[in-house]
Each structure stands twice: as C-alpha cells, then as structure tokens.
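FYI, it's all coordinate maths here, none of it is from the lab. This is a predicted model, so every value here is computed, not measured. Here the Cβ positions follow ideal geometry from the backbone for every residue, glycine too, while neighbour counts run over all protein chains shown.
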Amino acid sequence: MLEGTIKTAWGAVMDESKNPLRSFPLMTAHMMMQILAWMWSVIFAMALGSYLVFGVTVVGHALILAGVFGTLAVFQRAERQSAGASAET
C-alpha cells in the first residue's frame with residue numbers, strides 16, 4: 001500500500017508523461033523541472049542552515065550566559081571576602 005502511494009506520488013512529480021508539465025515541449029518541461037529542482041534544493045538548504053545556525057546560536061548564547069554568571073560569582077565572592085576582611089580589622 002505504502003509502496004504504491006510512493007510510486008504514484010513519484011510518478012506525478014518526476015514522470016514527464018504524467019506530471020502537469022506533460023503539455024509543454026520536452027525541452028521546456030525539462031528546463032522547468034531543472035528550475036524546480038534548484039528551487040527545492042535552495043529551500044531545503046536554507047531550512048537545514050537555519051537549524052544548524054540555531055544550534056550554533058544556542059551554544060553561543062549559553063556560553064555568554066555562563067560567562068556572565070561566572071563573572072558574577074567571582075565578583076560576589078570577592079565582595080564577601082572583602083567585607084569579611086574589613087570586618088576583621
């Protein structure tokens with residue numbers, strides 16, 4: 001059942017005698033298929049690129065936040081030690 005559905009869908013898109021471009025001359029239909037293939041390649045590349053960039057962005061933001069909180073922890077510890085040292089004198 002699934003195999004038949006896949007074959008039908010494949011034929012509806014990729015078979016020049018079945019797809020909607022069948023009424024065009026073969027050279028024109030071929031050129032249109034090349035343009036459509038290029039368009040879909042760009043779409044999928046941009047979609048994948050967005051996901052990859054998102055991952056890099058998340059890691060970058062996590063590193064920035066870790067740096068901010070690390071700096072805050074060091075400064076707070078220094079303040080506590082400074083307050084303790086001045087209370088002892």
Cα-derived Rg over Rh, computed across the range 31-89 with Rh taken as Kirkwood radius: 1.61
Rounded to whole Hz, the Karplus (6.51, -1.76, 1.60) HN-Hα couplings of the range 51-67, x for glycine and proline: 5, 5, 5, 4, x, 5, 5, 4, 4, x, 5, 4, 5, 4, 4, 4, x
Leading residue at positive end of dipole, the chain (Cβ point charges), from PHE54, VAL74, SER23: SER23
